[in-house]
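Notes follow the structure.
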Amino acid sequence: MVTTTRVRERFLLACRREPVDATPVWFMRQAGRYLPEYRKLRGDTDVLSLTRDPEAAAEVALQPVRRMDVDAAILFSDIMVPVAAIGVDVRIVANQGPTLDRPFRTDADLERLRPLEPSEDIPYTLETIKILLGELDVPLIGFAGAPFTLASYLIEGRPSRDHLRTKALMHREPETWRAMMVALTEHVVLPYLRAQVNAGVHAIQLFDSWAGTLDPDDYHDHVLPWSRRILEGLRDAGVPLIHFGTGTGELLGMMREAGADVVGVDWRTTLDAAWERIGHDAGIQGNLDPVALLGPWEVVERKALLVLARAARRPGHVFNLGHGVPPEAPPEHLQRLVDLVHQRTAR
Ligand code: CP3
């Protein structure tokens, strides 16, 4: 473990369900296109190149923290970074997302998933973390994509709504699917997250953004074992583990069971109903509909207060959106939202 300067504890306390002076708040995709300073810094550079420039990546992660009183920062990287780092030909196409010219289709493709060697393959990520730990006075969240969500991009070759090819492979070629989950877990996600923890991140979020596309049985049989292996494998790291997905209303209990301290919830389930499913012995993160940010402030305020009312001051709530900040969101709404959450929950 790297020793770091003291950071504001509120977010970490809430993740452990300990008493807090106010509900902590941060936003998924808080670094990104809705901020003019981000658009200026990024210019025409693609996201993957930006993540390979530690000074620039650290600056982007710091931008929202300078503007708003958020209680955590998130590493500026992308779920495809470790996959690209082991040589898979993935690009991130602007306004679209991860794209592969040669998507994964057969057993032979699995050879492309060689083990990640963090110090050689992602020195820039480790350097970005080092810079951030020297600058931040709030905790730094590291992250990775979960095997299912990573596999969905590798197999589809581009963002997909229904993940047909991914689910078809799971059913038609169960052995190939299993081998792919093993390789993503052992060669990519675990070494990537372990390296982030060793570099000093204070918490980890596992993004299984598209897991909600699965029925509960398929999630249980073909996905949960690998997410569990990752979360249980990181248990000894001693940092809070957050497990997030969208459309996961029916999967929340299993996502908790996978070994998460905190389960991230989208806006499709009310926070109180979601917490029942997760169990009150775990934390919850969420869950304002990001699109509310496109309405007038009164809508943001009303809907945020509903989220807080449903959290009912139970220990273990981390306020967040149900998914990432939309590029069209006015930064002023987010700044006011942070202050609203802090003021209304001050103990
Ligand atoms: O503050 C932060 O959260 C920034 C760090 C971050 C990025 N990607 C940078 C990024 C994080 C946490 C991610 C995770 C990520 N990437 C996920 C999981 C979170 C989620 O949204 O569910 C997923 C599914 C991806 C894959 C990906 N990368 C997509 C779907 C896109 C969107 C493409 C687009 O242009 O809208 C990206 C690109 C990306 N990654 C951007 C950022 C800031 C936007 C690209 C830009 O700057 O133009």
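Remarks
- Dipole magnitude (debye, nearest 20) for the chain, charges at Cβ of Lys, Arg, Asp, Glu: 660 debye
- Net charge in the neighbourhood of Asp217 (other residues with Cβ under 13 Å of its Cβ; Lys, Arg +1, Asp, Glu -1) is -3.
- Estimated 222 nm signal from helices in the chain, with DSSP H stretches of n ≥ 4 weighted -39500 (n - 2.57), rounded to 500: -12500 deg cm²/dmol
- The residues of the chain have, on average, 41 Å² of accessible surface per residue, using a 1.4 Å probe with all protein chains present.
- Measuring nothing but alpha carbons in the range 1-63 and taking Rh as the Kirkwood radius, the Rg to Rh ratio lands at 1.09.
- Only lysines eight or more places from Lys130 in sequence, or on another chain, were considered; those with a Cα closer than 30 Å are Lys40.
- Relative packing of 57-69, 98-110, which averages over residues the other C-beta atoms within 10 Å, highest first: 57-69, 98-110
- The residues packed around Ala199, meaning those with a beta-carbon under 11 Å from its beta-carbon, carry a net charge of +1 if Lys and Arg are +1 and Asp and Glu are -1.
- Prolate/oblate/rounded call for the range 85-189, Cα gyration tensor, a/c under 1.5 rounded: prolate
- Only Lys, Arg (+1) and Asp, Glu (-1) charged, at Cβ; the range 4-85 dipole about Cα centre in debye: 160 debye
- With bins 10 Å wide beginning at 0, the percent of Cα pairs of the range 129-285 falling in each bin runs 11, 40, 34, 14, 1.
- Carbon and sulfur %, accessible surface of the chain computed with the full protein complex present, 1.4 Å: 48 percent
- Computed over the alpha carbons of the range 284-347, Rg followed by Dmax gives 11.1, 33 Å.
- Mean-position separation - Cα centroids, the range 280-330 and the range 87-163, in angstrom: 27 Å
- All Cα pairs of the chain, percent lying beyond 40 Å: 6 percent
The values are calculated or read from the model by the stated rules, or taken from the named source; none is laboratory data. Just so you know, these numbers come straight off a predicted model, no measurement behind them. Note that each Cβ is placed from the backbone with ideal geometry, even for glycine, and that neighbours are counted across all protein chains shown. To get the accessible areas, we keep the full protein, side chains included, count just its heavy atoms, and leave off ligands, DNA and RNA. Shrake-Rupley method; radii C 1.70, N 1.55, O 1.52, S 1.80 Å.
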